[in-house]
């Protein structure tokens, strides 16, 4: 079991632990509440820290860049399709069919590249909270030790709790102080958008038979 899993205990344990007589809670001179049982909200921690906010901003920027590229390629494909249609009257059926087949092949390639680019971006965003927790784990351990805690529960799974044992705010402040946006720190996770290269960031799947020609979708909404 990793240190992170020892720190963030599954919420299924919360009922039994919260239902049992609670430990004494007292304020310390250092300002860290002392308690054996602590709770933390991972989603709030992600949204309130500079690191989580940077990861969110980078994901949104990557989505926008992908959508912009999609719109540009859609316009290019529509123009190419229109030019092909205009040539039809001046070409033999065989010559037109060859050009049409080449265009269809191009659209299918764009479709495949689009699917790969979108899946890659969304998969990386789904894994962002995991990367985030790995990055901030040392800070969470430090806060837990200072608070004298032996277990940290996911606050989202706890039905009844005392606000004084919620370390989310304190942990967020410490993370901002010690890690900040995380860009200059050794071992920081790469930005969400880095893997979306120009070659990978093709437009999303084109639709339909005629729609396949000159029609691409934008990146999915958040």
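Under the condition of being at pLDDT below 75 and in a helix (DSSP H, G or I), which residue from the stretch 147-189 is surrounded by the fewest Cβ atoms within 10 Å (Cβ to Cβ)?
It comes out as 163.
Kindly provide the set of residues from the stretch 88-112 that are more than 20 Å from residue 74 (Cα to Cα) and surrounded by 12 or more Cβ atoms within 10 Å (Cβ to Cβ), ordered by number.
Passing the criteria: 88, 91, 95, 96, 98.
Residue by residue through the stretch 132-151, note down the ones that are over 25 Å from residue 55 (Cα atoms) and in contact (Cβ under 8 Å) with a residue 40 or more places away in the chain.
146, 147, 148, 149, 150, 151
For residue 14, work out the one condition from (1) in contact with a strand residue (DSSP E or B) (Cβ under 6 Å, 6 or more places away or on another chain); (2) modelled with pLDDT of 95 or more it doesn't fulfil.
Exception for residue 14: condition (2).
The values are calculated or read from the model by the stated rules, or taken from the named source; none is laboratory data. Since the structure is predicted, the reported quantities are computational estimates derived from the model, not experimental observations. Because the Cβ atoms are built from the backbone with ideal geometry, glycine has one as well, and the counts that use them run over all protein chains shown.
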